[in-house]
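J.: This structure is in structure tokens; I'll ask about it shortly.
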Amino acid sequence: MGAVQVLDAVWLVGSGSHPEALADPHDCHCYLVWDGTGGILVDTGTGLGARTWLAAIAEVCDPAVLTGAVVTHYHADHAGGAAAARSAGLPVLASAETAAALATGDESRTSLAAARAAGVYPPGYRLAPAGVDRVVRGGDVVRAGGLEIEVVDAPGHCDGHLVVLVRSAGRNILFSGDCLFAGGRVSLQAIHDCRLDRYAETVIALAGREVDVLLPGHGDPVLRDARVEIGRAAESFRRLVPPPNVHTP
Ligand SMILES: [Zn+2]
């Protein structure tokens, strides 16, 4: 398993599903953004595959040069590797909500206890508590090498969810975590902080951005004209109808 280049400046370094980037079957996609002088990791998986994605990063760049790892939200498949990232010397960047949950490995707030009971995670899996080095919020711009990485608030899938916008090679790339997926789908779950009204506001706002490429936390990327698919989801929400759910078989 190793780093799979997705775009000029983006590699898939970990995944739960991509055969060549597989780190652990429970992991989300973990993306490395690297412009040759600096970069950042987007999401850290469960932690179960951390050794694999750390090795994949090292295929592309010196991990010590990276600005850090942005965690889009506190669900364990995205945030569970934060502790491993820090142990490897990568500062962790996350929202205040994610920071509060990660500080104690809070299984209620993150819905980990419910997800484990539903069979989403192995019975013995626990969320490793982790400090957050830098709390970020919508409008913040993180610099890494020549990259400007804009943080955008995106609640709805869960509280404190962030997405990340990066402009590279003339294209606007949206790292959408669990907010938006190929086909204009969203991730709706019966958990305490999945909020349809907030989700609608988030997606309608994102549809107003000039997004070319959508790199979601799971499933296929959208490598061109992603704004069309985001617009489809937003149009559904404007009609007060939730867009297609990525979890529906
Ligand atoms: Zn999630």
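No value in this document is a laboratory result; all are computed from the given coordinates. Quick caveat: nothing in here was measured; it's all calculated off a predicted structure. Every residue, glycine among them, receives a Cβ derived from its backbone with ideal geometry; neighbour counts consider all protein chains shown.
J.: For a quick check, take a GNM of the chain with Cα springs below 10 Å and name the residue from S17, S187, S87 with the largest mean-square fluctuation.
T.: Most flexible of the set in this elastic network: S87.
J.: Could you please rank L188, L240, placing first whichever residue has the fewest other Cβ atoms within 10 Å of its Cβ? List each step's numbers first, then the result.
T.: Working: L188 18, L240 9.
Lowest to highest Cβ neighbour count: L240, L188.
J.: In what order do V141, V4 fall by count of nearby beta-carbon atoms within 10 Å, going from fewest to most? Numbers along the way, then the final one.
T.: Numbers: V141 11, V4 17.
Exposure proxy ranking, most exposed first: V141, V4.
J.: Once each part is reduced to its C-alpha centroid, what is the distance from the stretch 178-249 to the stretch 101-153 in angstrom?
T.: After rounding, the separation between the Cα centres reads 20 Å.
J.: Separation between the R232 and R167 pseudo-spin-labels, each 7 Å from Cα along Cα→Cβ, expressed in nm?
T.: Label at R232, label at R167, 2.8 nm between them.
J.: Then there's this: Each residue of the stretch 211-222 in turn: what ³J(HN,Hα) in whole Hz from Karplus with 6.51, -1.76, 1.60 and θ = phi - 60°, glycine and Pro shown as x?
T.: Taking θ as phi minus 60°, the curve returns 9, 9, 10, 10, 10, x, x, 8, x, 6, x, 10 Hz for the stretch 211-222.
J.: Decide, for the stretch 105-202, between rounded, prolate and oblate: order the square roots of the alpha carbon gyration tensor eigenvalues as a ≥ b ≥ c, take rounded if a/c falls under 1.5, and otherwise choose prolate if a/b is larger than b/c, else oblate. Provide the component values of the computation, followed by the final result.
T.: Working: a/c = 2.09, a/b = 1.52, b/c = 1.38.
Prolate, because a/c is 1.5 or more and a/b exceeds b/c.
J.: So how far apart, in nm, are the two label points at D133 and E201 if each is 7 Å from Cα heading toward Cβ?
T.: Taking the simple label geometry, D133 and E201 are separated by 3.2 nm.
J.: Quick one: 3J(HN,Hα) in Hz for the stretch 169-183, Karplus 6.51/-1.76/1.60 with θ = phi - 60°, rounded, Gly and Pro as x.
T.: 6, x, 10, 8, 10, 9, 8, 9, x, 9, 8, 9, 9, 3, x
J.: Now for a separate question. Taking a ≥ b ≥ c as the square roots of the eigenvalues of the Cα gyration tensor of the stretch 4-238, is the shape rounded (a/c under 1.5), prolate (a/b larger than b/c) or oblate?
T.: Rounded.
J.: Exposure proxy check: R134, R224, R86 ranked by fewest other beta carbons within 10 Å?
T.: By the 10 Å Cβ count, ascending: R224, R134, R86.
J.: Using the basic label-point model (7 angstrom from Cα toward the beta carbon), what is the S108 to R51 distance in nanometres?
T.: 3.5 nm
J.: For the chain, what is the calculated [θ] at 222 nm in deg cm²/dmol (nearest 500), taking -39500 (n - 2.57) for each run of four or more DSSP H residues and dividing by its residue count? Provide the component values of the computation, followed by the final result.
T.: Numbers: 7 runs with 61 residues, N = 249.
Using -39500 (n - 2.57) per qualifying helix, the result is -7000 deg cm²/dmol.
J.: Additional query: Over the chain, with a Gaussian network built from C-alpha contacts below 10 Å, which listed residue (G45, G105, G146) shows the highest mean-square fluctuation?
T.: G146
J.: For the stretch 22-30, just list the computed ³J(HN,Hα) in residue order, Karplus coefficients 6.51, -1.76 and 1.60, θ = phi - 60°, integers in Hz, with x standing in for Gly and Pro.
T.: Each residue's phi maps through the Karplus curve to give 4, 10, 8, x, 8, 7, 7, 6, 10 Hz.
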